1. Look at the stretch B:20-30 and say how many of its residues are over 14 Å from the mean Cα position of the chain (by Cα) and either surrounded by fewer than 15 Cβ atoms within 10 Å (Cβ to Cβ) or aliphatic (A, V, I, L, M) (or both).
2. Being surrounded by 15 or more Cβ atoms within 10 Å (Cβ to Cβ) and closer than 12 Å to A:Asp30 by Cβ is the filter; apply it to the stretch A:42-58 and report the residue that is farthest from the other protein chains (Cβ to nearest Cβ).
3. Looking only at the stretch B:7-24, which residues are at pLDDT below 95 and more than 11 Å from chain A (Cβ to nearest Cβ)?
4. Which number in (1) exposed (fewer than 14 other Cβ atoms within 10 Å of the Cβ); (2) within 14 Å of another protein chain (Cβ to nearest Cβ); (3) of a type in the set (A, V, I, L, M) marks the one condition that B:Ile68 misses?
5. I need every pair where a residue in the stretch B:30-56 that is more than 8 Å from chain A (Cβ to nearest Cβ) has its Cβ under 7 Å from the Cβ of a residue that is among the basic types (Lys, Arg), sequence separation at least 6 or different chains.
6. Just checking, how many residues over the stretch B:32-52 are in a loop (DSSP other than H, G, I, E, B), in contact with a helix residue (DSSP H, G or I) (Cβ under 9 Å, 6 or more places away or on another chain) and buried (at least 17 other Cβ atoms within 10 Å of the Cβ)?
7. Name, by its number, the condition in (1) within 12 Å of another protein chain (Cβ to nearest Cβ); (2) touching a residue at least 40 places away in the same chain (Cβ under 8 Å) that does not hold for A:Thr79.
8. Tell me whether the stretch A:81-103 contains one or more residues that are surrounded by fewer than 22 Cβ atoms within 10 Å (Cβ to Cβ), of a type in the set (A, V, I, L, M), touching a Gly at 6+ places or on another chain (Cβ under 6 Å) and part of a loop (DSSP other than H, G, I, E, B).
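The values are calculated or read from the model by the stated rules, or taken from the named source; none is laboratory data. Computed from a predicted structure; not experimentally measured. Ideal geometry is used to build each Cβ from the backbone, glycine not excepted, and the neighbour counts take in all protein chains shown.
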Amino acid sequence: DGGITQSPKYLFRKEGQNVTLSCEQNLNHDAMYWYRQDPGQGLRLIYYSQIVNDFQKGDIAEGYSVSREKKESFPLTVTSAQKNPTAFYLCASSIRVWRTGKKLNTEAFFGQGTRLTVV
Amino acid sequence: AQSVSQHNHHVILSEAASLELGCNYSYGGTVNLFWYVQYPGQHLQLLLKYFSGDPLVKGIKGFEAEFIKSKFSFNLRKPSVQWSDTAEYFCAVNAEAPGRRALTFGSGTRLQVQP
């Protein structure tokens with residue numbers, strides 16, 4: 001089955017510790033994304049990557065880091081610098097297609113999410 | 001910068017009532033528009049999308065949305081809701097703007113359908 005796998009589903013972290021959330025996709029998608037979901041705030045973009053070895057900051061990148069060494073993997077590290085890390089984290093991917101002379105992102109496919117709680 | 005507004009944060013309807021959820025975006029160029037749904041305990045799923053062509057798009061489970069370019073809107077509709085439509089609904093925009101290559105989401109609308 002093709003899809004996006006996020007692990008773990010639940011994660012507890014002590015204050016001051018870094019933690020890495022895993023995201024793997026076998027859809028052969030070029031682009032991958034990390035979003036954070038908080039009640040009443042929708043999904044906010046943390047980082048995104050259009051191709052391997054390249055990534056861009058989203059709207060709330062502070063306190064987070066990513067890497068994109070392989071097409072199928074886009075891990076997110078929540079560092080101790082993130083002031084309010086308790087949240088639901090969603091990974092997504094999308095394919096890019098040529099349309100009207102430009103390469104465009106199609107719809108994003110989402111993983112099941114990781115709920116991170118800082119204790 | 002692009003932004004998406006969903007004005008209804010929490011909607012409560014009775015079964016068989018009609019639904020319309022508002023979505024407005026702020027970007028003057030070419031946009032791709034999406035509605036996603038998140039059922040309790042499940043991952044985000046695509047309901048429908050608009051890229052070009054007919055501004056009235058039909059999605060899964062009887063949902064449809066209309067793109068009105070002059071109003072920067074992409075409202076979601078369903079003529080008759082069911083209890084199983086209880087979920088959170090997110091509007092999203094992908095504007096092909098320089099430096100921005102990712103979906104921007106609205107804050108979501110929680111729909112509660114009472115039997």
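1. Within the stretch B:20-30, the first condition is being over 14 Å from the mean Cα position of the chain (by Cα), and the residues that meet it are B:26-30.
Restricting the remaining residues to those that are either surrounded by fewer than 15 Cβ atoms within 10 Å (Cβ to Cβ) or aliphatic (A, V, I, L, M) (or both) gives B:26, B:28-29.
The qualifying residues number 3.
2. First pass over the stretch A:42-58, keeping only residues surrounded by 15 or more Cβ atoms within 10 Å (Cβ to Cβ): A:42-50, A:52, A:55-56, A:58.
With the extra rule that they be closer than 12 Å to A:Asp30 by Cβ, the set shrinks to A:48-50, A:52.
Numbers: A:Tyr48: 4, A:Ser49: 9, A:Gln50: 6, A:Val52: 15 Å.
Ranking the qualifying residues of the stretch A:42-58, first place goes to A:Val52.
3. Across the stretch B:7-24, the qualifying residues are B:His7, B:Asn8.
4. (2)
5. Close Cβ pairs satisfying both conditions: B:Leu33/B:Lys49; B:Leu48/B:Lys58.
6. If we filter the stretch B:32-52 for residues that are in a loop (DSSP other than H, G, I, E, B), which is where we start, we get B:39-44, B:51-52.
Next cut, in contact with a helix residue (DSSP H, G or I) (Cβ under 9 Å, 6 or more places away or on another chain) only: B:39.
Narrowing further to those that are buried (at least 17 other Cβ atoms within 10 Å of the Cβ): none.
Summing the residues that are in a loop (DSSP other than H, G, I, E, B), in contact with a helix residue (DSSP H, G or I) (Cβ under 9 Å, 6 or more places away or on another chain) and buried (at least 17 other Cβ atoms within 10 Å of the Cβ) in the stretch B:32-52 gives 0.
7. With respect to (1) within 12 Å of another protein chain (Cβ to nearest Cβ); (2) touching a residue at least 40 places away in the same chain (Cβ under 8 Å), A:Thr79 is out only on (1).
8. yes
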